[in-house]
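Colleague: Structure incoming, see below.
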Amino acid sequence: MSLRTVAAFAIFFASASPSSALDEAGRGSVVRVGRFYLQSNAWVNLHQRLIQEAKFGVSSPSSLTGDDLKEWKSAVAAYDQFIGQRGPLDEELALLNAALSETSGDTLSASIPSAAAGILRGIMPLYERTQWKEDDAVNRFWMSVEKPLLESAEVELAAAHARAYGTFPSRIRVDVSVHAGEFGAYSVGEGDFAHVVISSTHPLYRGFLGLEMLSHEASHAVADSAETAVIGAELAQAERELGIKPRRNLWHALLFYTSGELTRRALAARGVADYLRVIDRRWSGPFRGFKEPLETHWQAFLDGKLSRADAVKKIVEETSK
Amino acid sequence: MRIRRIVLAVLLLIAAARLDALNERIGPWKVVVGRYTLQSNRWVNLHQRLMQEAMYGDPPPSALSGAEMERWKGFVDRYRLFVARRDPIHNAELIALNRALSDSPDELPAAVPEAAAAVLRDAMPLYEPQWVIDDRVNRFWIAAARPLLESAGEELATAHEDVYPRPFPTEIRVDVSPLAGEYGAYTVGEGAVAHTVMSSTDPGYKEFFALEMLFHEPSHAIVGPNSRDAVGEDLARGQRETGLRAPPGLWHAILFYTSGELTRRALARRGISDYQPFIIGMYERAYSRFRASLEKHWQDYLDGEATRAEAIREIVLATGTKE
């Protein structure tokens, strides 16, 4: 069973429990729009904050000084040891994040590794006293901005993604957090379920861009580089037929293009004529050399003028030159 | 032929009903948040569209062609004659007309001058298909702006009151329309009452800019160039003290700076640390000579490090010209 499947089952079963209804009670708040379940959860935020400081060197909460700061730094050091060299997609860390996402009260699930549970439990009072209120306010503001965008376009965007990929998750849990990994968001889950952690402060996940990235992140549950996934299957087929190895991040560029273009269309229908897709900010970076092939062949696919397999094949051919 | 026309009419009715349903899903046509009423009103939108085409040569609704286009152009010509050289910010009849339309979501109000009423009444059936699109765009804009006002509205109103210092308007009507005058928005009203028309499609009034502009625009009800207005009063005193004449656009630049900076602060408290106030983009176009003194002296005032009189005096000294 793959990590994604494990995480998806964990999320599915846990989400079925009444404890998922945090609303204004407990530590955090919830916004539900169609298939999206957005929340600001103190345990997830603390976990993400500790990881971010341990692994990516972000500053400690600015309000901390003296003994408080010492206590915090010691928790960060212990968390650094617990995490080791693992990334957030590591099976144990994905399950840990899923369990925290389900926790609204003081009691942590027994499924959480004791090393992590001890640190989180020990430092939570300090976090709550000094930083959580501010983090929660920022998360709530982010959710309040995204909510009307989702209410307006979620059904339309999900249908458009389902047309592009053949499927789209019907249940998307989104943990909104001031920190959310190296790139500002990440996703686990598979098929019908996606669990997203997304940043409430990163400029690339804000306002209209937030709408695009909510779809983009959820798409990771159905489309990726694996041969069993959408996009990955077409890339593997193209590789077999052409004898050309696709560029390593081509699958991800296709995801960016898809959610970006579908969001652009949805916004254009709502009077936003100048939306700049995330990928349009990346052509000269990691997606160098992809612009023309994607704008020609993937656009033709999204316009219904080319099959997905044919589009991928042409793109693989042209990006390998 | 007749049957085909009937079928076409029925299909158009069904399509319009579906689009109306979609618009309902996007959000309500009218939203009240504290002192603000945001609304999408068909008469105001038609009035603004006819004015925009008549005065600034904007293109006609894209769905029109052939005989319908000719009729539409005729309506625009008649509206051009009605509006003539008057401008909607200073002309009393146009101000009253826009207000009367704004008060009437359904029927064309009797208070509208007959020359305008006749055009609006005749043009409305042609405008209807475009109105469905305009209304959707307006409702989306309103839906997106609403949480910003809900979160930061009162905080920003208080902050503006502290700066000017005058009571901020308490009754702010915002008519949202794709077309809203030469600059994308304008405001009439004075003191406690402000009536703003704001564009739902102009990039300068979108996302977080919307929040800034929802404060910039009603500020016009209390801020202005005259000695009875906030800022204008300060500039008059600054001119007397320095013997220099303040540049004509300075009062407006101060208004832009104020709403921009206060919005930047409000957003920073909400996790948006990189908001670029609208005036940043204007420095290159219109306000380059004001930039240094605003960023030094007006910023000092906003930070509580200088009095308003001191800040204005320094700004007039830096930007003013000899009488």
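The values are calculated or read from the model by the stated rules, or taken from the named source; none is laboratory data. Owing to the predicted nature of the structure, the values given are computational and were not obtained by experimental measurement. Ideal geometry is used to build each Cβ from the backbone, glycine not excepted, and the neighbour counts take in all protein chains shown. Keep in mind that these areas ignore ligands, DNA and RNA; they rest on the heavy atoms of the full protein, side chains included. Shrake-Rupley method; radii C 1.70, N 1.55, O 1.52, S 1.80 Å.
Colleague: Evaluate the relative contact order of the range A:50-107 (contact order divided by residue number), counting alpha-carbon pairs under 8 angstrom at least 6 apart; express in whole percent.
Modeller: 33
Colleague: As a test, work out the antiparallel percent of DSSP beta bridges whose residues both lie in chain B, rounded to the nearest 5.
Modeller: So the antiparallel bridges amount to about 50 percent of the total.
Colleague: Another question about this same structure. For chain A, list the DSSP H helices whose alpha carbon atoms reach 27 Å or more along the long axis and whose average Kyte-Doolittle value is -1.0 or above? If you can, show how the numbers build up before the last one.
Modeller: Working: long enough: A:133-165 (41 Å, -0.37).
Helix filter hits for chain A: A:133-165.
Colleague: Test of the criteria: in the range B:161-254, which trypsin sites (Lys or Arg not before Pro) are in a DSSP loop and have at most 15 other Cβ atoms within 10 angstrom of their Cβ?
Modeller: Passing both the DSSP loop test and the Cβ count: B:Arg228.
Colleague: Right, here's the next one. What total accessible surface area, summed over both chains, is buried at the interface between chains B and A, computed with a 1.4 Å probe and given in Å² to the nearest 100?
Modeller: Using a 1.4 Å probe on protein heavy atoms, the buried area is about 1900 Å².
Colleague: Further question on the same structure: Taking 0.36 nm per intervening residue step and subtracting the Cα-Cα distance, what contour gain separates B:Arg71 from B:Glu107 on full extension?
Modeller: 10.7 nm
Colleague: Go ahead and estimate [θ] at 222 nm for chain A from helices alone: -39,500 (n - 2.57) per DSSP H run with n ≥ 4, summed, over the residue count, rounded to 500.
Modeller: -16500 deg cm²/dmol
Colleague: Based on the Cβ-Cβ distance from B:Arg240 to A:Leu276, what FRET efficiency comes out when R0 is 60 Å, to the nearest 0.05?
Modeller: 0.80
Colleague: Just want to confirm a number: the relative contact order over chain B, from Cα pairs under 8 angstrom separated by 6+ residues, in percent.
Modeller: Relative contact order for chain B comes out at 16 percent.
Colleague: Hey, in the GNM for chain A with a 10 angstrom Cα cutoff, which one of A:Thr65, A:Thr130, A:Thr258 fluctuates hardest?
Modeller: Among A:Thr65, A:Thr130, A:Thr258, the largest mean-square fluctuation in the Gaussian network model of chain A belongs to A:Thr65.
Colleague: The range B:91-105 to the range B:42-67: how many Å between their Cα centroids?
Modeller: Using only Cα atoms to place each centre, the spacing works out to 18 Å.
Colleague: Right, next: If I compute solvent accessible area with a 1.4 Å probe over the protein chains, what percent of it on the range A:164-283 is carbon and sulfur? It would help to have the intermediate numbers written out before the result.
Modeller: Details: 1950 of 3780 Å².
On the range A:164-283, the fraction of accessible area on carbon and sulfur atoms equals 52 percent.
Colleague: Separate question: Report the FRET efficiency, 1/(1 + (r/R0)^6), for B:Asp122 and B:Lys322, where r is their Cβ-Cβ distance and R0 is 60 Å, rounded to 0.05.
Modeller: About 0.60, to the nearest 0.05.
Colleague: Let me ask something else about it. For the pair A:Thr107 and A:Lys245, how long in nm is the line joining their label points, each one 7 Å along Cα→Cβ?
Modeller: Between A:Thr107 and A:Lys245, the simple spin-label model gives 5.2 nm.
Colleague: GNM, chain B, Cα, under 10 Å: largest mean-square fluctuation among B:His252, B:His195, B:His220?
Modeller: Among B:His252, B:His195, B:His220, the largest mean-square fluctuation in the Gaussian network model of chain B belongs to B:His252.
Colleague: While we're looking at this one, here's another question. Nearest-5 percent of antiparallel DSSP beta bridges in the protein assembly as shown?
Modeller: If we restrict to bridges inside the protein assembly as shown, about 45 percent are antiparallel.
Colleague: Quick check: from the Cα gyration tensor, does the protein assembly as shown come out rounded (a/c under 1.5), prolate or oblate?
Modeller: Since a/c reaches 1.5 but b/c is at least a/b, the shape of the protein assembly as shown is classed as oblate.
Colleague: Sticking with this structure for a sec: Mind checking which helices in chain B clear 18 Å along their axis (Cα) and have mean Kyte-Doolittle hydropathy of -0.5 or more, DSSP H runs only?
Modeller: B:2-26, B:114-163, B:250-268
Colleague: Moving on to the next point. Counting alpha carbon pairs within less than 8 Å and at least 6 residues apart, what relative contact order, in whole percent, applies to the range B:174-323?
Modeller: 20
Colleague: Probe radius 1.4 Å, ligands and nucleic acids ignored: give me the carbon and sulfur share of the accessible area of the range B:89-245 as a rounded percent.
Modeller: Using a 1.4 Å probe with all protein chains present, the range B:89-245 comes out at 52 percent carbon and sulfur.
Colleague: Can I ask one more? Can you compute the modelled spin-label distance between A:Asp67 and B:Gln299, with each label point 7 Å from Cα toward Cβ, in nm?
Modeller: 4.0
Colleague: Sum up the charges of everything whose Cβ sits under 11 Å from the Cβ of A:Ile112, counting Lys and Arg as +1 and Asp and Glu as -1, but leave A:Ile112 out.
Modeller: -1
Colleague: Considering only the other residues whose Cβ falls under 14 Å of the Cβ of B:Leu94, what net charge follows from Lys and Arg at +1 and Asp and Glu at -1?
Modeller: Summing Lys and Arg as +1 and Asp and Glu as -1 gives 0.
Colleague: Among all lysine pairs in the range A:173-321 that are eight or more places apart or on different chains, how many have alpha carbons less than 17 angstrom apart?
Modeller: Summing the qualifying lysine pairs gives 9.
Colleague: How far apart, in nanometres, would the label points at B:Thr37 and A:Glu182 be if each is projected 7 angstrom from Cα along the Cα-to-Cβ direction?
Modeller: 5.5
Colleague: Further, regarding this structure: Kindly identify residues of the range A:263-278 having a loss of at least 30 Å² in accessible area between the isolated chain and the assembly of all protein chains, probe radius 1.4 Å.
Modeller: A:Ala269, A:Arg270, A:Gly271, A:Asp274
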